[in-house]
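The values are calculated or read from the model by the stated rules, or taken from the named source; none is laboratory data. In this text, all values refer to a predicted model and were calculated from it rather than measured experimentally. So basically every Cβ, Gly included, is an ideal-geometry build from the backbone, and we count neighbours across all protein chains shown. For the accessible areas, the whole protein counts, side chains as well, though only heavy atoms, and no ligand, DNA or RNA atoms are used. Shrake-Rupley method; radii C 1.70, N 1.55, O 1.52, S 1.80 Å.
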Amino acid sequence: MYCTEVMVKQHANISRMLKVIKEICCGILEGAEIDQKEFAEILDFIRRYADGHHHRREELVLFPEMVDHLEEVASIIIKHGMLVEHDLIRAHVRALDEALKLYAQEPKTEYKLQVLTEAMAYANRLQQHVEKENNVVYPLADRGLSDDIKNKIDTTVHEMEAEEGTDFAKGYMDLLDRLEKKYHITTN
């Protein structure tokens, strides 16, 4: 299904950013300064690409169809698993943003610790979430949904992409390339 293929590709990009976040956190532990501008770019990627672009497709298109058209197990996985995890991930992002603001106002060790804690909690939780979706949720959709529902989902995803325009992701891919180069991260 086109939708799940696109989602897996987006997950690969999100995972690239998670590696960058981990590398930045390790650098801070080793004495690097917190780069507020860089974290602002990362938060923009998280909010607009990972959440607004990717999670939006799941929450508005794929997941409702899975809940409506698959067995009860799909409903449980989506409602009590994936959607709950999306909310937990967003809570880490809000807490990270707040910690960065506090650290910018007063660079205390306590706030630096909070930045590291929330950044790594976000990265770890989201990576586990990505693996569940790639290995359980998307294959369940691919196997279980009828061709009519898959076509409906794919059409809606194509329409969403047309609304965003073809250049939406380019700036985020450029950001990933730049940060991976800066932190010497090689992609698979």
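Looking at (1) of a type outside the set (D, E, K, R); (2) under 28 Å from Thr155 (Cβ atoms); (3) open to solvent by less than 50 Å² (accessible area, probe 1.4 Å), find the lone condition where Ile28 falls short.
(2)
When the residues of region 168-181 are filtered to those that are surrounded by 13 or more Cβ atoms within 10 Å (Cβ to Cβ) and of a type in the set (D, E, K, R), which remaining residue is farthest from the chain's Cα centre (by Cα)?
So the residue we want is Arg178.
Could you list all residues from region 150-188 that are assigned to a helix (DSSP H, G or I), closer than 30 Å to Glu23 by Cα and of a type in the set (A, V, I, L, M, F, W, C)? Talk me through it step by step, then tell me what you get.
As a first pass, look at region 150-188 and keep what is assigned to a helix (DSSP H, G or I): 150-164, 170-182.
Still in the running and closer than 30 Å to Glu23 by Cα: 170-182.
Within region 150-188, Met173, Leu175, Leu176, Leu179 meet the criteria.
Return the pair list, or none, for Cβ contacts closer than 7 Å from residues in region 28-57 that are assigned to a helix (DSSP H, G or I) to residues that are among the acidic types (Asp, Glu), at least 6 apart or on different chains.
Going by the 7 Å Cβ cut-off, the qualifying pairs are Leu43/Asp97.
So which of Leu88, Leu116, Leu102 is open to solvent by 60 Å² or more (accessible area, probe 1.4 Å), at pLDDT 95 or above and part of a helix (DSSP H, G or I)?
Values: Leu116 fails: open to solvent by 60 Å² or more (accessible area, probe 1.4 Å); Leu102 fails: open to solvent by 60 Å² or more (accessible area, probe 1.4 Å).
None of the other options fit; the residue is Leu88.
Let me confirm something: among Ala32, Ala50, which residue is in contact with a helix residue (DSSP H, G or I) (Cβ under 7 Å, 6 or more places away or on another chain), closer than 29 Å to Ala99 by Cβ and aliphatic (A, V, I, L, M)?
Ala50
Is at least one residue of region 166-177 at pLDDT 95 or above and either among the β-branched types (Val, Ile, Thr) or farther than 19 Å from Gly52 by Cβ (or both)?
Yes: one or more hits.
How many residues are of a type in the set (A, V, I, L, M, F, W, C) and open to solvent by 40 Å² or more (accessible area, probe 1.4 Å) when one looks only at region 149-167?
Restricting attention to region 149-167, the residues satisfying the condition of being of a type in the set (A, V, I, L, M, F, W, C) are 149, 153, 157, 160, 162.
If we keep only those that are open to solvent by 40 Å² or more (accessible area, probe 1.4 Å) as well, we get 162.
Residues in region 149-167 being of a type in the set (A, V, I, L, M, F, W, C) and open to solvent by 40 Å² or more (accessible area, probe 1.4 Å): 1 in total.
Go through the residues of region 126-148 one by one and say whether even a single one is open to solvent by 60 Å² or more (accessible area, probe 1.4 Å), of a type in the set (Asp, Glu) and modelled with pLDDT under 95.
No, region 126-148 contains no residue that is open to solvent by 60 Å² or more (accessible area, probe 1.4 Å), of a type in the set (Asp, Glu) and modelled with pLDDT under 95.
Determine which member of the set Leu113, Leu102, Leu83, Leu62 is over 17 Å from Asn135 (Cα atoms) and touching a residue at least 12 places away in the same chain (Cβ under 8 Å).
The unique qualifying residue is Leu102.
State yes or no: is Leu18 part of a helix (DSSP H, G or I) and open to solvent by less than 30 Å² (accessible area, probe 1.4 Å)?
yes
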